Amino acid sequence: MEEDIKTQQILQSIMRRKNNSAIAIAFDKASSDDTSICRIAIAWISESKAHSMTYLVKPPVDDFSCSRKVTASMVAHSADFATVWDRQILPLLKGDVLALYDASRTLRTLKASYETSGRTFMLPELYIRDLRFLAITYMPNLGNDSFISIIHRLRLSADLDDAASRARACTSALDRLQMIYPASGYGVPLSMVLAGALNLPADTLQEEESMEDEEEEEPQPLSERLTHATRFSLIPLLIICLCLFGYYMYRQRQNAPAHVDFSSYSSTEVPKSQKKEFPNFESGKTYMMTRGTYVVINEKDIDLFITAAKNHDTDKIRTMLRNNQVLVFQSAVPIEVTGNPHGNGFVPITIKEGDHAGQSGYAAYSMITKAK
C-alpha cells in the first residue's frame, strides 16, 4: 500500500515535469560485468527542480569491487533487475523521452542485466536523447566528451558514485543544453535507435559480450575475428552491405559521365531484388511528425546527412543544421505528403504549420504518423 502511494506521487510529479524535458536513467554496477546493475535511478525536472527516485537491485554476482556506495548486504533482500524494471521503472516510461549518457553502452547494460532473468528485454516506443552525442554535436570546442566534462561545461555537478546524482545531472544538462542550443531538443525514435540511426551502432543491442578494453588486447588473427563474427550472426549483414556498396559504386560510375544526380536516380531505379516495401501515403492528406523528427530540405542532401550521422561526423551535422539543410522539429507539426516514398525511404512533404510553414523537404517514412 505504501509502495503504491509512493508510485502515485512519483507519477504525479513526472506528469507535472517541464514541457519537452526527458526522464534520465542512470545505474551503478557491482562489478565490470554488464549483468551486475545493483542500483538504478530515474530523474526528471518538475517545478524548476531536478527530482529522482532510486531502486536497489540484487545482481546475480557476488563481486562488488566496482561499487563504492552499494554493498552486498544493502541489496540482499532486493528484487532482481528484471523485476525492478518491470514493476518500478517501465510503468513510468510509456510514450516518453529518455535521457541517457552514451546510449549505446547504457542500453547494452540494461539489456544484459534484464536478460539474466531469461526473458527478452523490451522497451515501449519512445525517443532517446543521448547527452554525449548532443553535446559533441551542438557544443563547439568541447574537447572532452566525458560525462563530467560535459556537466562541468554546463556548470553542473554530480557524484559519480551515485546513480541518482548522475541521473539528475543528465536531465539537467539536457535541459540547459536545449536552452543554449534549441536544436538539442532532438530525440531519436527508439525504433530508429535499434536500427542504427544517427547515434547508435546497429548491433548495439545484439552484443553478448563486453567489448571494453579491446585496444589493450593483442590483435586477433583474421580467422578468429571471422569466427567471432559468425557467432554473432554478422556475416550475412556484412555480405548484404558489401552487395549494396558494390551496386552503389557501380551506379556512381555509370552516372558520372552523364552528370546524373545519383540520389534522385537511385531512388527510382533500384532493382526489384533490392526494393523495400514502404507504407502507402495519400498525396494531399495531412499527416503528423512528432518532436525530435527531422526533414532534409534537398533530396541531394539525404545521403550526405545519413552518411555523416552514421560516421558520427558531428561537424558536418552541425553545419547542415546551421545552414538549414536539415530542420529538426521541437514539437509535433502537421505536414502534407506530396508524393510517394523514394527508394531510399524518404517521402516528399510540405510543412503546414509553424516557423517553417510552406517549406518543402523530405522525411523518412518511419517518422510520419497519421493525423489524429
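Readers should treat all values here as calculations from the given coordinates under stated rules, not as data from a laboratory. Every value quoted in this text rests on a predicted model; they were computed, and no experiment measured them. So basically every Cβ, Gly included, is an ideal-geometry build from the backbone, and we count neighbours across all protein chains shown.
Enumerate the amide H contacts of D80 below 5 Å, restricted to partners 5 or more residues apart or on another chain; note that Pro and chain-start residues carry no placed amide H.
K58
What order do you get for 361-370, 151-160 when each peptide is scored by the mean count of other beta carbon atoms within 10 Å, highest first?
For the peptides 361-370, 151-160, the packing ranking is 361-370, 151-160.
What's log10 of I(q)/I(0) for the range 45-145 at q = 0.17, 0.18 Å⁻¹, Debye sum over Cα points only, no solvent?
-1.01, -1.09
Once you put a point 7 Å from the Cα of T120 and another 7 Å from the Cα of S146, both along the Cβ direction, what distance in nm separates them?
Each label point is offset 7 Å from its Cα along the Cβ direction, giving 3.9 nm.
Along Cα→Cβ, 7 Å out, is where each label goes; now give me the distance between the ones at S366 and S48 in nm to one decimal.
If labels sit at S366 and S48, their model points lie 4.0 nm apart.
May I ask which of K29/K49; K310/K352; K49/K111; K29/K310; K49/K300 have a Cα-Cα span longer than 32 Å here?
K49/K300
How much FRET efficiency would the formula 1/(1 + (r/R0)^6) give for D159 and M15, where r is the Cβ-Cβ distance and R0 is 25 Å, rounded to 0.05? Each step should come with its number before you reach the end.
Details: r = 27 Å, r/R0 = 1.10.
Result of the calculation: an efficiency of 0.35.
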